[in-house]
Number of protein chains: 4
Amino acid sequence: MNKTKEKIFNAAIDIISQKGFYKATMDEIADKAGVAKGTLYYHFNSKDDILIFLIDEGLSLLKNQILEKISHMKNSVEKLREIIVVQSNFLFKYKDFVLILLSQLWGKEDIQNSFREKIYDYLKIIEDIIDEGIEEKLIERCDKKLLSSAFFGMISSLIIFQFRNNDIIDPEHIADSVIEYTFNGIHYRD
Amino acid sequence: MNKTKEKIFNAAIDIISQKGFYKATMDEIADKAGVAKGTLYYHFNSKDDILIFLIDEGLSLLKNQILEKISHMKNSVEKLREIIVVQSNFLFKYKDFVLILLSQLWGKEDIQNSFREKIYDYLKIIEDIIDEGIEEKLIERCDKKLLSSAFFGMISSLIIFQFRNNDIIDPEHIADSVIEYTFNGIHYRD
Amino acid sequence: MNKTKEKIFNAAIDIISQKGFYKATMDEIADKAGVAKGTLYYHFNSKDDILIFLIDEGLSLLKNQILEKISHMKNSVEKLREIIVVQSNFLFKYKDFVLILLSQLWGKEDIQNSFREKIYDYLKIIEDIIDEGIEEKLIERCDKKLLSSAFFGMISSLIIFQFRNNDIIDPEHIADSVIEYTFNGIHYRD
Amino acid sequence: MNKTKEKIFNAAIDIISQKGFYKATMDEIADKAGVAKGTLYYHFNSKDDILIFLIDEGLSLLKNQILEKISHMKNSVEKLREIIVVQSNFLFKYKDFVLILLSQLWGKEDIQNSFREKIYDYLKIIEDIIDEGIEEKLIERCDKKLLSSAFFGMISSLIIFQFRNNDIIDPEHIADSVIEYTFNGIHYRD
DNA sequence: AATGAATGAGTTTTCATTCAT
DNA sequence: GATGAATGAAAACTCATTCAT
């Protein structure tokens, strides 16, 4: 990604997360990026194309962060813990990107179907680890597809939680809590 | 809600869930409803107004279903179980509405802020029950705001799960699984 | 064709014949028609659509004029003479339309192919009459497809003749000359 | 014309005849020519300039072919026959060029006026021969301007004939037919 | 001679909204 | 209550042209 494309990339995340994809205009993005409108079209084919590029780049970053972190781990429960930590941190560091992503997952149009396909790839990573955990008798036998979806939704929706308590939030604390609830449940024990 | 307004209401849910709010046009909604475009403006002030009406009606319905079901329950854990069951069923019965709702929660514009406020009211119901559960020593001491968000996200994201496995899905089975994971966790036990 | 559509139709012919289809802008057409730009799109789907409508209407008019005139004629040579007269008159009366038509016949894009198809329908009328003439031994045996093309081109190109001599031209005189050359040739006879 | 300019020239004929002058883009022409877009502007001042160059080159070629062929002929009827043969052959050999030329003759803009002026120069050659023929009593007294226009249109429109019958066509046969019709007319004779 | 990234004015198109009937 | 023709501001997109390298 060269200098100009990166300027556009950053401006696009900024504007689109602020106003939403449809209310964001190419004029505003160009303006924010400090380039002419035509320059957007020199680097991207269309407005949709910018969105696709954004989501591809963002999801790649998240995936790579996770794969790198868990590559040298042995224990599948440790891996799941790490995913929660990384995803939580990612959520707060790249909040604007995550908002764009989450706003695009619910449609029935081709472009949204393609975005969901990319999410499925991500969920597949989690499922594989759940599989490992089950084999190692560290995780209870369960519906892994259901679980990975729930997992993703649970963590993602924390962004709504953050909107609500818009004071400073500690991703480490959140990760700890989510791990605790997820593994031990919320049922009272002595 | 009279006959015409109801036709518009149903057409709006249909079209907006299909194409997304911004790609849905007043022409299409009018067409689907079998009325003239002007008629939309007789019953609603604006396109935004239709969306607001949709979300208000849908959330009221969900809230009322839940409040009615749990009103005569004593045990807070039973109440939470019931909420999961009702919300899962709602999710599959009014899938189109839920898709519209979920697509609108992630923006920073006034209208989306107002939608999130409405979600917070809904989460408040869950929080109060968690509070009861903690007092009755049925639920572990926990961050109830965090937990209710996670709760909502987990159940909502099941709609992504359903997109993925677009064969028939049993909401009852899903509710059972979610309850099991939520209360007992996924940690392996003998 | 209602009042508004007719205003647009006339403005389109005016502007497009003046500037050419690609240099004519929707703004100019709307302006000339005395309607808002949006109104163009209420009555036509696109700029191309206006062109297609123009050409359809124009060719229908020409065809109808001819068919009406020759319907009660018996002699095929008389019919051909009449076609030359009608087409010449049409050429000068609806010069702007003819210029638009002629500028669109030479491309390889879908839209131009479709325009040529419409011309072929017109040429078919001429061919049929040539056939009649041959059967009646009034016209020499000849390649009727080649001849009808040549016929069309010869008459149409007179518009270039008129550009050159932009003083007043008498369509009747032109028709007479064309008929004379066509039937008797230009070879000198005593 | 050096190597690069020639590559551009050929690419321009190819692309412009395919898409039409206005739909052809400098990007496409550069792409087809295998040079960078900037290079087009090193060899030509503007897009219009390319078109003007194209038409000048093409018409010069046609004129020179004709003048060369008829220079040693004495009989004016023979000369006219030869013009028809040459023009027909040219039509089929440089079909793409002819399509571009024909698409540009019908506008009222300065550039099209200038193209018509060049056509008039070409028609002048024909007129002069007609004059000769009349003086030599080989051709009937006639309106030579009208006749040369008709002549040009008749031959040019054969390209439409070729579009229609897009199988192989023999220019020699076409030339023979045109000569026959032109000189002797289509009137039936015993 | 040649390049190709950048430009921005100009164009088509969209569509929520209005209003006279 | 209902209509639908008309609107016009706003948007996406195009592309010939420039210019620093």
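Rule-based calculations on the coordinates, nothing more; no lab input. The model shown is predicted, which means the values in this text are computed figures rather than measured ones. Neighbour counts run over all protein chains shown; Cβ positions are idealised from the backbone, glycine included.
A few points about this structure:
- FRET efficiency, 1/(1 + (r/R0)^6) with R0 56 Å, evaluated for B:Lys137 and D:Lys19 via beta carbons: 0.10
- Each label was represented as a point 7 Å from its Cα along the Cα-to-Cβ direction; for C:Leu67 and C:Glu180 these points are 3.4 nm apart.
- Around the amide H of C:Ile139, modelled in the peptide plane, lie the amide H atoms of C:Ile134, D:Tyr188, all under 5 Å away and 5 or more residues distant in sequence or on another chain.
- The range B:111-190: radius of gyration over Cα atoms, expressed as a fraction of 2.2 N^0.38 Å: 1.29
- Equivalent ellipsoid semi-axes - Cα gyration tensor, the range A:1-91, angstrom: 33, 13, 10
- Simple spin-label estimate for A:Ser60 and D:Lys37 in nanometres, 7 Å along Cα-Cβ: 2.5
- Options A:Asn165, A:Ser88, A:Leu147, ranked by Cα towards positive dipole end of the range A:47-184, top entry (Cβ charges): A:Asn165
- Only Lys, Arg, Asp and Glu carry charge here, each on its Cβ (+1 for the first two, -1 for the last two); on that basis the range B:54-184 has a dipole of about 160 debye about its Cα centre.
- Tensor-based shape of the range B:1-44 (alpha-carbon gyration tensor, a/c under 1.5 rounded, otherwise prolate or oblate): prolate
- Kirkwood Rh in Å, taken over the protein assembly as shown so that all alpha-carbon pairs contribute: 32.5
- Gyration tensor verdict on the range C:54-184 (Cα atoms; rounded if a/c is under 1.5, prolate if a/b is larger than b/c, oblate otherwise): oblate
- The charge dipole of the protein assembly as shown, taken about its Cα centre with unit charges on the Cβ atoms of Lys, Arg (+1), Asp and Glu (-1) only, comes to about 680 debye.
- Cross-link pairs exceeding 18 Å in C-alpha to C-alpha distance, out of D:Lys7/D:Lys37; A:Lys7/A:Lys32; A:Lys79/A:Lys124; A:Lys5/A:Lys37; C:Lys5/D:Lys19; B:Lys19/C:Lys47, comprise C:Lys5/D:Lys19; B:Lys19/C:Lys47.
- The residues neighbouring B:Thr4, those whose beta-carbon lies less than 14 Å from its own, together hold a net charge of +4 under the Lys/Arg +1, Asp/Glu -1 convention.
- Assigned charges on the beta-carbon of Lys, Arg, Asp, Glu; the range C:1-73 dipole about Cα centre (debye): 80
- Label-point separation in nm, C:Lys93 to B:Asn165, each point 7 Å along Cα→Cβ: 7.4
- Residue-averaged 222 nm ellipticity for chain A, from DSSP H runs of 4+ at -39500 (n - 2.57), nearest 500: -24500 deg cm²/dmol
- Electrostatic bookkeeping for D:Ser177 treats Lys and Arg as +1 and Asp and Glu as -1; over the other residues with beta carbon under 13 Å from its beta carbon, the sum is -2.
- All other residues whose Cβ lies under 14 angstrom from that of C:Ile66 are scored, Lys and Arg at +1 and Asp and Glu at -1, for a net of 0.
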